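Colleague: My questions all concern the structure below.
What follows is calculated from the coordinates using simple rules that are stated; it is not laboratory data. If you're wondering where the values come from, they're calculated on a predicted model, not measured in any experiment. Using ideal geometry, Cβ is built from the backbone for each residue, glycine included, and neighbour counts are taken over all protein chains shown.
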Amino acid sequence: MREDLQVFDNVLQLVGNTPLIQLNRITQDFKGQFFAKVEAFNPGHSTKDRIALYIIEEAERKGILKPGSTIIETTSGNTGFSIAMVSIIKGYECILAVSSKSSKDKIDMLRSMGAKVYVCPANVSADDPRSYYQVAKRMHDEIKGSVYINQYFNELNIEAHYKSTGPEIWKQTEGNITHLVACSGTGGTISGTAKFLKEQNPDIRILGIDAYGSVLKKYHETREFDSSEIYPYRIEGLGKNLIPTATDFESIDKFVKVTDEESAHTARQLAKTEGLFVGYTSGAALQGVKQLAEEGEFDENSKVVIIFPDHGSRYMSKVYSDDWMNEQGFFDSKHEKLANQVEF
Ligand code: PMP
């Protein structure tokens, strides 16, 4: 049990310093050792607490934010929750434009945290006036003195991870790390963490996880935006239909694409084998690790850190619902239903 009992002034003091937890069973057939950086231990239950707090405090330092100011963001849910949480503590209004792909749980949660939420269609192009980017931009123009976080195009997103996630992993592994595996959405997590780690040891391999239906992997390999790569997929927060400037493609050695189905099963497997109830993209990250292990990426000396971005409770009506899994056609002869499921 932990012994660092301590009283905190407010929840924001608990952002960051998340645990690194060894995976003992699910990776046992692979060469090397595997450790999960479990971001669900942040008070807002995801890695996005780090960027929300960092970007808002930078705006305060620069005098951009005033008491009662409005903070606007586009978000798949997690960033919104974190901004809402920081806004409550610091006394700001929070307006969020979210994709209709976000789970109902996430949208309800944002509203419970006092945010005003606008749900926008997921499968329209970024320059469509109905897209969540355009809705957020319009509100930013209309509300005087508002701040638009703009996580996909904000350098501070990278800096937040450069200053926290990277140093934490370096310290926790005592520099004993050969590979970093992280999902790429805005790219802030992987780029900022990679920048810090590569400065310590340029030989650390940085492996990005992308979704089928996203342009990131192809762009990384060709530096060309290929719209034929884009099609709808289920995983929220992973991959993109545009090229975010918060992604430093130079710092990433390789991208791996994962499917909705395999990522969902891997997330469920994580709960059952390691007792880690984590989100859909954590399943995606580990699914990527499985594929990399099969490709021979790791050897006996590998010490692999995998970032698990958020908590499983946000996906009760998706990955952790048998009905949803069935609707997607994700149950077949290969995959059993939850062992403890009660049939009615
Ligand atoms: N997983 C989840 C659940 C997310 O919400 C995000 C953020 N879009 C990511 C992974 C990817 O993190 P980043 O935006 O830093 O690339």
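Colleague: Kirkwood Rh over Cα pairs of the stretch 214-344 into Stokes-Einstein at 37 °C, 0.692 mPa s: D in µm²/s? Don't jump to the answer; show the numbers that get you there.
Modeller: On the way: Rh = 16.3 Å.
The diffusion coefficient I find is 202 µm²/s.
Colleague: Now a separate question. Stokes-Einstein at 10 °C, 1.306 mPa s, Kirkwood radius from Cα pairs: D for the stretch 140-211 in µm² s⁻¹? It would help to have the intermediate numbers written out before the result.
Modeller: Working: Rh = 13.2 Å.
For these conditions, the coefficient is 120 µm²/s.
Colleague: Which value in Å does the Kirkwood hydrodynamic radius of the stretch 107-163 take, with 1/r averaged over all unlike C-alpha pairs and then inverted?
Modeller: On the way: mean 1/r = 0.0755 Å⁻¹.
Taking every pair of different Cα atoms in the stretch 107-163, averaging 1/r and inverting gives 13.2 Å.
Colleague: Report the full-extension gain for the segment Glu174 to Ile88: residue separation times 0.36 nm, less the Cα-Cα distance, to one decimal in nm. Please list the in-between numbers first.
Modeller: Values: separation 86, 0.36 × 86 = 30.96 nm, distance 3.61 nm.
Roughly 27.4 nm would be gained on extension.
Colleague: Check cross-link reach from Lys198 to the lysines: straight Cα distance under 19 Å, and skip same-chain residues fewer than eight apart.
Modeller: Lys37, Lys163, Lys171, Lys254, Lys303
Colleague: For the stretch 1-140, what class follows from the C-alpha gyration tensor (a ≥ b ≥ c being the square roots of its eigenvalues): rounded when a/c is under 1.5, otherwise prolate if a/b is larger than b/c, else oblate? Show your work: numbers first, answer last.
Modeller: Working: a/c = 2.38, a/b = 1.35, b/c = 1.76.
The shape class here is oblate.
Colleague: Test of the criteria: in the stretch 259-325, which GluC sites (Glu not before Pro) are in a DSSP loop and have at most 10 other Cβ atoms within 10 angstrom of their Cβ? Before the final figure, lay out each step's value.
Modeller: Values: sites: Glu261, Glu262, Glu274, Glu294, Glu295, Glu297, Glu300; in loops: Glu295, Glu297, Glu300.
Sparse-neighbourhood loop GluC sites (Glu not before Pro): Glu295, Glu300.
Colleague: Report the full-extension gain for the segment Asp299 to Asn24: residue separation times 0.36 nm, less the Cα-Cα distance, to one decimal in nm.
Modeller: Details: separation 275, 0.36 × 275 = 99.00 nm, distance 1.65 nm.
Gain on stretching Asp299 to Asn24: 97.4 nm.
Colleague: Take Thr173, Thr193 and order them by how many other Cβ atoms sit within 10 Å, fewest up front. Spell out each step's value before the answer.
Modeller: Numbers: Thr173 17, Thr193 29.
With the fewest neighbours first, Thr173, Thr193 line up as Thr173, Thr193.
Colleague: Cross-link candidates for Lys31: which aspartates and glutamates have Cα within less than 15 Å, leaving aside residues fewer than 8 places away along the same chain?
Modeller: Counting by Cα, and skipping residues close in sequence, Lys31 has these aspartates and glutamates nearby: Glu294, Glu295, Glu297, Asp299, Glu300.
Colleague: Please list, in order along the stretch 164-177, the HN-Hα scalar couplings obtained from phi with the Karplus expression 6.51 cos²θ - 1.76 cosθ + 1.60 (θ = phi - 60°), rounded to whole Hz, x for Gly and Pro.
Modeller: Values, residue by residue: 10, 4, x, x, 4, 5, 4, 5, 5, 8, 6, x, 8, 9 Hz.
Colleague: Modelling each spin label as a point 7 Å along the Cα-to-Cβ direction, I'd like the Gln6/Glu250 distance in nm, to one decimal.
Modeller: 3.7
Colleague: What aspartates and glutamates could a cross-link reach from Lys144, if we take a straight Cα to Cα line under 17 Å and drop same-chain neighbours fewer than 8 places away?
Modeller: The reachable aspartates and glutamates, counting only those whose Cα sits under 17 Å from Lys144, are Glu60, Glu73, Glu93.
Colleague: A further question on this structure: About the Cα centre of the stretch 1-103, what is the dipole size in debye to 20, counting +1 per Lys and Arg Cβ and -1 per Asp and Glu Cβ, all else neutral?
Modeller: Details: 11 positive and 11 negative charges, 55 e Å.
Taking the Cα centre of the stretch 1-103 as origin, the dipole is about 260 debye.
Colleague: Taking the Cβ of each residue in Tyr162, Tyr280 as the centre, tally the other Cβ atoms inside 10 Å and list the residues starting with the fewest. Each step should come with its number before you reach the end.
Modeller: Numbers: Tyr162 22, Tyr280 27.
Ordered by Cβ neighbours within 10 Å, fewest first: Tyr162, Tyr280.
Colleague: Binning at 10 angstrom from zero up to the longest distance, how are the C-alpha pair distances of the chain distributed in percent?
Modeller: The percentages, shortest bin first, are 5, 26, 36, 24, 8, 1.
Colleague: Ranked by Cβ crowding within 10 angstrom, fewest neighbours first, how are Thr247, Thr165 ordered?
Modeller: Numbers: Thr247 25, Thr165 28.
Listing Thr247, Thr165 from fewest to most nearby Cβ atoms yields Thr247, Thr165.
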